[in-house]
Amino acid sequence: MIGKIVMSILKKEPALGLRTCCMKQDNKKRVIKESFKINSFVIILLKSGTFKIKLQDTAYNLLPQEVLIISQNERCSQIIISAKVHVFLMALSTDYLFQNDLQTFCLFTSCGTVKSGWYGKKFEAIVQFFKLVCILNKGKNPGQKIELQRIMELLFFKLASVYTKHVSDTSSKTGRRENLTVQFHLLLKEHFKSRHNVGFYADKLCITAGYLNRIVKRVTGHTAKMLIEQMIVLEIKKQLQNKELTLLEIAEQLGFNDLSSFSTFFKTHTSVAPSEYRSQMLNRF
């Protein structure tokens, strides 16, 4: 059973953006030999036992109180799970990360797979975060979702610290593509409301729009144009939940020339009109 759950977490992109599980294994060792692509960002936190996984040409041997953050699109060829293991697994989609924490998204996409550890009281605190996320992610009422959002913000902060240390330790090894992708994300966060054209960001980075699209897709799996549009759509959804704002006010805030182009853009990317989406969201609460 534990093997099937692990494979499900690693192979399938979470439908709602976030999937979690906590597993305890009995006395039986598990060896999984199957080559497949990991379709989301995966976090493995080990409380006891050992968890070995081979990604590309690198084997990671996870020991108690260690965490492995796996980058999207890694290829796994082997997993060995020891007896008496206690492990937490979390899969996050690109959209979920992009919507909830752009800084962490940039780190996840630019730094690759990272292994680290928390020890003593710090580790116990992280375990509590993971337990809460596992519980709250199963909940359906708005209160639980709001609490889940708060806990995830704290967890993202902790994960960012892992990457920050990793970047400081390996900055000389970071490639040009990864550096440009991070710079693009930072510019996007600052300008996306008014600048929708890839050319603007490419000019800022002193490269062509075509090259920016190619390198960003190589690192993240999405072109720069797709990420700009995704960022705008997520912001529109956020603004539509504020019933004090009119559709025209939202359109103007996000750099659209008129209400028609705003509505067409949103419906193209979501299959529903802005007014319909607002009505659906307000009726849920």
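The values are calculated or read from the model by the stated rules, or taken from the named source; none is laboratory data. Remember, it's a predicted structure, so these values are computed and weren't measured experimentally. Neighbour counts run over all protein chains shown; Cβ positions are idealised from the backbone, glycine included. Surface areas here come from the heavy atoms of the whole protein model, side chains and all, with no ligands, DNA or RNA. Shrake-Rupley method; radii C 1.70, N 1.55, O 1.52, S 1.80 Å.
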Task: Structure-derived Rg and Dmax of the Cα atoms in Å: which label, when the choices are (i) 18.7, 58; (ii) 17.9, 51; (iii) 20.4, 64 - done: (iii)
Open item on the list: Cut-off 18 Å, label point 7 angstrom out along Cα-to-Cβ of residue 125: give me the residues of region 137-158 whose amide nitrogen falls inside.
Closed with: 150-158
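Sum up the charges of everything whose Cβ sits under 12 Å from the Cβ of residue 148, counting Lys and Arg as +1 and Asp and Glu as -1, but leave residue 148 out.
+2
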- [ ] Compute the long axis of helix 176-191 from its Cα atoms, compare it with the longest principal axis of the Cα atoms of the chain, and write down the angle in degrees, 0 to 90, nearest 10.
- [x] 50
Open item on the list: Using only the alpha-carbon atoms, how far is helix 121-136 inclined from the longest principal axis of the chain? Give it as 0 to 90 degrees, nearest 10.
Closed with: 60
Task: Theoretical FRET efficiency, 1/(1+(r/R0)^6), r = Cβ-Cβ of residue 73 and residue 200, R0 22 Å, to 0.05 - done: 0.20
TODO: Run down the lysines and flag those whose C-alpha is under 19 Å from the C-alpha of residue 4, throwing out any fewer than 8 positions away in its chain.
DONE: 12, 24, 28, 29, 33, 37, 52, 54, 84
- [ ] Work out the FRET efficiency for residue 36 and residue 242 from their Cβ-Cβ distance, taking R0 = 41 Å, and round it to the nearest 0.05.
- [x] 0.45
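Tell me, what % of the accessible area of the chain is carbon and sulfur with a 1.4 angstrom probe?
51
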Task: Sorted peptide list for 150-162, 267-279, criterion being average Cβ within 10 angstrom, highest first - done: 150-162, 267-279
TODO: Would you calculate a helix-derived [θ] at 222 nm for the chain, using -39,500 (n - 2.57) for each DSSP H run of n ≥ 4 and dividing by the full residue count, to the nearest 500?
DONE: -17000 deg cm²/dmol
Open item on the list: At 7 Å along Cα-to-Cβ for each site, give me the label-to-label distance between residue 281 and residue 235 in nm.
Closed with: 1.4
Open item on the list: Could you tell me how far the Cα centroid of region 215-241 sits from the Cα centroid of region 1-77, in Å?
Closed with: 27
- [ ] Give me the accessible area per residue for the chain, probe 1.4 Å, as a whole number in Å².
- [x] 52
